[in-house]
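Structure record follows, encoded as structure tokens.
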Amino acid sequence: MSAPSLSTNPHVVAVIGGATAGAEVAARLAGKGVRVVVFEMNPRPFGKIEDGLPRWHEGLRNKEYATITGKLSLPGVDFVPNTKLGRDIPFEELARDWGFSAVVLANGAWRDRGLPIEGADAYVGKGLIYQNPFIIYFNHLEEDIEPAETFEFLDDAIVVGGGLASIDVAKVLMMETTRAKLRERGIEANVLELEVKGIPKILAQHGLVFEDLGLKGCTIFYRRRVEDMPLAEIPEGADEKRAAKVRASRAKLLDKAQGKFFFKMEPLSAPDELIVEDDRVVGMRFRRTEIEGGRVKMTDETYERRGSCVISSIGSIPEAIPGIEMKGELFAFTDWDIGRIDAYPNLFSVGNVVTGKGNIVASRKHAAAVYDAALESYLGLSEDGHQAEAILSDGMSEAVSVTANAILAALGEADTPSKDVFASILDKVQARQKEVGYGGDLAAWLEQVKPKERA
Ligand SMILES: Cc1cc2nc3c(=O)[nH]c(=O)nc-3n(C[C@H](O)[C@H](O)[C@H](O)COP(=O)(O)OP(=O)(O)OC[C@H]3O[C@@H](n4cnc5c(N)ncnc54)[C@H](O)[C@@H]3O)c2cc1C
């Protein structure tokens, strides 16, 4: 039997992924009286806040957890945990047969971009590690759970990357190898304190310097120059003077991080070949690069570096969902602003899955902009028909750069589900919630699935 509808609007929308972007769009729809069903593959709806953003960002993490929980607790939002589209429910069936007015993909980017060396993936688990599972392992290290994958924090690792996430990987390695060395001396160091104060200050409290530990430290290998590392963004339309300032600040940021964590950096180096001995990765051959007119140019020069392991941190891409066409490593969006795909006229996409930006604010803003500029009109929720045009033209939605007219012309109008279809969707939702043991109260569920700290 269906629960009485909390909605004041006949539409019902499916949101795939319940984290930053998914919760934002769900809250906006629920605020207009639309019934929203949020399908989330994990028990908790915190996405990359829990499994990406390193756990030393405790304050930010807790703030984002509270924001997401608040949005998904709104009347009219049905949460369906432990339900992966494409695994537990076929995407095509949900999008075409269930009868939803619209489907919103908010599933982020959960796959590592492959290391660009042929056959490299045969060595995953044999010295080659990808960033996403490595950070997930680190983030859950102090919880009393059986990890899906385990990793060792090895000294002298090769980190391939150059973005913020690769610096996080290097910081994890440096902090954990330092902690292990301190533990040998009977000293227990706390990750949060280490991150805030930096390794030298913590060592000094014990009369030690980094050299006393006997660690080599890890090295980040980057294809471009230090000043090209995307650690600070050059604003669109910036003149050369402003751009040069940002480049200089990137070098300063890196210098500060190296001073606190002792990792090394090797710029102008592109991965060329894994060095394998006894079926295990023991190093990498790199090709020297040059930057010409802002582009990376390969040279004839190569060099080899041995290391304890290779950690690849060169970007995250969406996981394929059977039933949704891919173009290369991305979904085959026909509209990159609001994430539309021709095969599913009622589909929109929000957050990292479209923006490709690993940034909380960018994901939230994009979700808000897609709602304001497209979904609201599609579902006929806007009081003022010209609202979308205004939103787009007043610059509120930088992330969505299409013109309102183009969107509105492309959208058409959503079909309103009949009462029977509405009821049958809610029946299916409740059946799935029952199957996964979710009783309908998000706060109680989050308490039930809250990870316990390791004793
Ligand atoms: C190492 C690292 C460090 C970072 N540091 C920062 C930082 O300092 N500051 C910052 O702003 N950002 C940072 N980020 C990025 C930030 O965490 C993300 O960009 C942001 O949280 C993405 O939000 P989202 O909602 O778009 O996607 P996600 O958080 O990825 O949410 C997608 C949701 O969809 C679910 N899902 C996926 N597939 C399916 C499916 N098939 N069916 C059902 N559910 C599914 C997932 O479980 C998840 O809950 C970092 C990321 C990483 C990896």
Against the longest alpha carbon principal axis of the chain, how many degrees, from 0 to 90 and to the nearest 10, is the axis of helix 240-261 turned?
-> 60
Positive-pole candidate from Val361, Ile167, Gly47, dipole of the chain, charges at beta carbon = Ile167
Which is farthest toward the positive dipole end of the chain among Gly86, Ile145, Asn9, measuring Cα position about the Cα centre, with Cβ charges +1 (Lys, Arg) and -1 (Asp, Glu)?
-> Ile145
Extended-chain gain in nm, criterion 0.36 nm per residue less alpha-carbon gap, Glu266 and Glu93 | 57.4 nm
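Taking 0.36 nm per residue of sequence separation and subtracting the Cα-Cα distance, how much length would be gained by fully extending the chain between Val246 and Ala343, in nm to one decimal? Before the final figure, lay out the partial values.
Working: separation 97, 0.36 × 97 = 34.92 nm, distance 4.19 nm.
Additional length available on full extension: 30.7 nm.
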Work out the FRET efficiency for Lys84 and Ala444 from their Cβ-Cβ distance, taking R0 = 30 Å, and round it to the nearest 0.05.
-> 0.85
Compute the FRET efficiency between Leu330 and Glu290 as 1/(1 + (r/R0)^6), taking r as their Cβ-Cβ distance and R0 = 30 Å, and round to the nearest 0.05.
-> 0.60
Put a dot 7 Å past each Cα toward the Cβ at Arg305 and Lys452; how far apart are the dots in nm?
-> 4.3
Once the dipole of segment 111-316 is set up with Lys and Arg at +1 and Asp and Glu at -1 on Cβ about the Cα centre, which of Ala244, Ala180, Ile117 lies farthest towards its positive end?
-> Ala244
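Given +1 on the Cβ of Lys and Arg, -1 on the Cβ of Asp and Glu, and no further charges, what dipole in debye does segment 111-316 carry about its Cα centre, rounded to the nearest 20?
On the way: 31 positive and 37 negative charges, 194 e Å.
For this selection, approximately 940 debye.
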Specify the angular offset, from 0 to 90 degrees and rounded to the nearest 10, of the alpha carbon long axis of helix 419-435 from the longest principal axis of the alpha carbons in the chain.
-> 40
Which residues in segment 147-184 place their backbone N less than 15 Å from a point set 7 Å from the Cα of Asp212 along the Cα-to-Cβ direction?
-> 178-184
Measure nothing but the geometry: give the 0 to 90° angle between the long axis through the Cα atoms of 164-184 and the longest principal axis through the Cα atoms of the chain, rounded to 10°.
-> 50
Residues with amide H under 5 Å of Lys264's amide H, sequence separation 5 or more or different chain, H placed in the peptide plane at 1.01 Å from N; which?
-> Cys218, Thr219, Ile220
Quick one: which residues, 5+ away or cross-chain, put their amide H under 5 Å from the amide H of Asp78? H built at 1.01 Å from N.
-> Val36, Val37, Val38
If every Lys and Arg gets +1 and every Asp and Glu gets -1 at its Cβ, then about the Cα centre the chain yields a dipole, in debye to the nearest 20, of 1140
Which far-off residues, 5 or more places away or on another chain, put their amide H under 5 Å from the one on Arg111, with H placed in the peptide plane?
-> Ile317, Glu319
Is the chain best put as rounded, prolate or oblate by its Cα gyration tensor, with a ≥ b ≥ c the root eigenvalues, rounded for a/c under 1.5, and otherwise prolate when a/b is larger than b/c, oblate when not?
-> prolate
From the Cα gyration tensor of segment 111-316, with a ≥ b ≥ c the square roots of its eigenvalues, which class applies: rounded if a/c is under 1.5, or else prolate if a/b is larger than b/c, or else oblate?
-> oblate
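Just want to confirm a number: the relative contact order over the chain, from Cα pairs under 8 angstrom separated by 6+ residues, in percent.
Working: 828 pairs, mean separation 96.6, N = 455.
Reported relative contact order: 21 percent.
Bear in mind that the values in this text are calculations on the coordinates, not laboratory data. Nothing here was measured: the structure is a model prediction, and the numbers come from that model. In this analysis, Cβ positions are derived from the backbone assuming ideal geometry, glycine residues included, and neighbour counts consider all displayed protein chains.
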